[in-house]
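Report on the following structure.
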Amino acid sequence: MAKLSWHEILDLVQDLRKRGFEVVGPSSEGGVVKLVPLEDATKLEINYVRTLNSPKDFLLPNKERLFRYKSTATITSYGLKIRFPTVEGPCPITIVPEYSPPRGRLAFFGIHPCMVNSIRYLDKVMLSDPVDPYYRARREGLFIAVLECEEGDEYCFCKSVDGDKVPKGYADLSIRKDGDSFIVSARSPIGGNLLTEEGVEEIEEFSPKMKEEYILDTANEKSIESKDPADLLESCTLCSSCTVVCPTCYCSDIQDRFSLMDPGNVERVRIRMSCQRRGYSSIAGGVTFLKTKNERFKWRMKHKFPFSEKMYNMLGCVGCGNCIAFCPSRIDFRGFVGRRVA
Ligand code: SF4
Ligand code: SF4
């Protein structure tokens, strides 16, 4: 454990960069705090409650090319002619997977416990069978320096969903504010190496103060299904911001893209998709399963809570409050799945 000054904290960022990490941390710009690559360590912001984006934007980009392939598409005088691969005969396409890991190994510096838990949730989804090789390529060798929160704002509720504690193996350094200084503890050998200390420390658990406390009924699918969210969603504009800023929302769409000028070269891309959009549950033949915003909202709640608990033994919500804070109508789902107790 070491007591460091602000300048020594910035030295740690520089040290990580010298070791080849691409260091990503909170930085304030135009009144908003965002996670950005810290090319200049002095841009690090440590006094913040929430960031507009989250680690998922670096581990699972909004749009990524999965691979390119050669199709047999040609332009004829009648228009575009594509021969799709069939189950009989040889496949007419050549597939070359493309992994695009970051320039160096990724390091998140100064993220809060809820965001570390969002990485834990994404790990459960992306690294369980079948493993997502694109996520794994970015995730490998990840370094995390977690910054404890002292107090959340009115949208935070990490304590109600166990998002406030960082389990073993999910941080390399812990940073705790102590007046004008910082108490920094090593939580992994590489964290110790950075602090030039031997061994890993068991640190005393710390929990932030909450402005509001909730008890959520997270395991009850039937209860979510039986409620009517119409009044709550009256001012919902279906902008999808709630899913874009959520650190655990990972749904995506797959598209094959090509240019009419060069239809033989196709790129397959994965693009982030929101369950709040009608197209999310539309399939061929014009069928849409989740037609109304009420149905889509209930789907989001069921995925976050009972479905995730059942599949991953962990809730898909870490209580960061981003979906409420950045919703233009401040739609707050906490009263829908539970009740306020303080
Ligand atoms: S951010 Fe708010 S307004 Fe936008 S889709 Fe979500 S709940 Fe609706
Ligand atoms: S659902 Fe809302 S509170 Fe929960 S993790 Fe996502 S953005 Fe945070």
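Here's the yes/no breakdown for (1) surrounded by fewer than 15 Cβ atoms within 10 Å (Cβ to Cβ); (2) at pLDDT 90 or above; (3) over 20 Å from ILE144 (Cβ atoms):
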| position | (1), (2), (3) |
| --- | --- |
| LEU12 | no, yes, no |
| PRO37 | no, yes, no |
| LEU66 | no, no, yes |
| ILE75 | yes, no, yes |
| GLY79 | yes, no, yes |
| CYS91 | yes, no, yes |
| ARG103 | yes, no, no |
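Being β-branched (Val, Ile, Thr) and within 16 Å of ligand 1 (Cβ to nearest atom) narrows it down to one residue among ILE254, ILE271, ILE331, ILE283; which is it?
One residue alone meets the criteria, ILE331.
Tell me which of these ARG330 doesn't satisfy, since it passes every other one: (1) touching a residue at least 12 places away in the same chain (Cβ under 8 Å); (2) more than 10 Å from ligand 2 (Cβ to nearest atom); (3) in contact with a helix residue (DSSP H, G or I) (Cβ under 9 Å, 6 or more places away or on another chain); (4) part of a loop (DSSP other than H, G, I, E, B).
(1)
Do we find that GLU295 is within 25 Å of GLU234 (Cβ to Cβ) and not in a loop (DSSP other than H, G, I, E, B) in this structure?
yes
Can you name every residue in region 298-327 that is part of a helix (DSSP H, G or I), among the polar types (S, T, N, Q) and more than 9 Å from ligand 2 (Cβ to nearest atom)?
Hit for region 298-327 is SER308, nothing else.
Could we say that SER128 is among the polar types (S, T, N, Q) and over 24 Å from GLY335 (Cα atoms) here?
Considered against the rule, which asks whether it is among the polar types (S, T, N, Q) and over 24 Å from GLY335 (Cα atoms), SER128 comes out as yes.
Taking the conditions exactly as written (within 22 Å of PHE333 (Cα to Cα), modelled with pLDDT of 95 or more and among the small types (Gly, Ala, Ser)), does SER240 satisfy them or not?
It is true that SER240 is within 22 Å of PHE333 (Cα to Cα), modelled with pLDDT of 95 or more and among the small types (Gly, Ala, Ser).
Only one of ILE144, ILE203 is at pLDDT 95 or above, more than 30 Å from GLN276 (Cα to Cα) and not acidic (Asp, Glu); which?
Exactly one residue qualifies, and that residue is ILE144.
Can you report the number of residues in region 230-243 which are touching a residue at least 40 places away in the same chain (Cβ under 8 Å) and over 17 Å from GLY319 (Cβ atoms)?
9
From the list CYS239, CYS246, which one is surrounded by fewer than 18 Cβ atoms within 10 Å (Cβ to Cβ) and under 27 Å from PHE58 (Cβ atoms)?
CYS239
Does GLU295 count as of a type outside the set (S, T, N, Q) and either surrounded by fewer than 13 Cβ atoms within 10 Å (Cβ to Cβ) or free of Cβ contacts under 8 Å to residues at least 12 places away in the same chain (or both)?
Yes.
Being surrounded by 14 or more Cβ atoms within 10 Å (Cβ to Cβ), near ligand 2 (Cβ under 9 Å from one of its atoms) and within 26 Å of LEU66 (Cβ to Cβ), is that true of even one residue in region 255-277?
no
Name every residue in region 144-200 that is under 18 Å from the mean Cα position of the chain (by Cα), of a type outside the set (Ser, Thr, Tyr) and crowded, with 18+ Cβ neighbours inside 10 Å, in order of residue number.
ILE144, ALA145, VAL146, LEU147, CYS156, PHE157, CYS158, VAL161, GLY163, ASP164, VAL166, ALA171 - these are the residues of region 144-200 that are under 18 Å from the mean Cα position of the chain (by Cα), of a type outside the set (Ser, Thr, Tyr) and crowded, with 18+ Cβ neighbours inside 10 Å.
The values are calculated or read from the model by the stated rules, or taken from the named source; none is laboratory data. All values derive from a computational prediction rather than experimental measurement. When we count neighbours, we look across all protein chains shown, and the Cβ atoms used for this are built from the backbone with ideal geometry, even at glycine.
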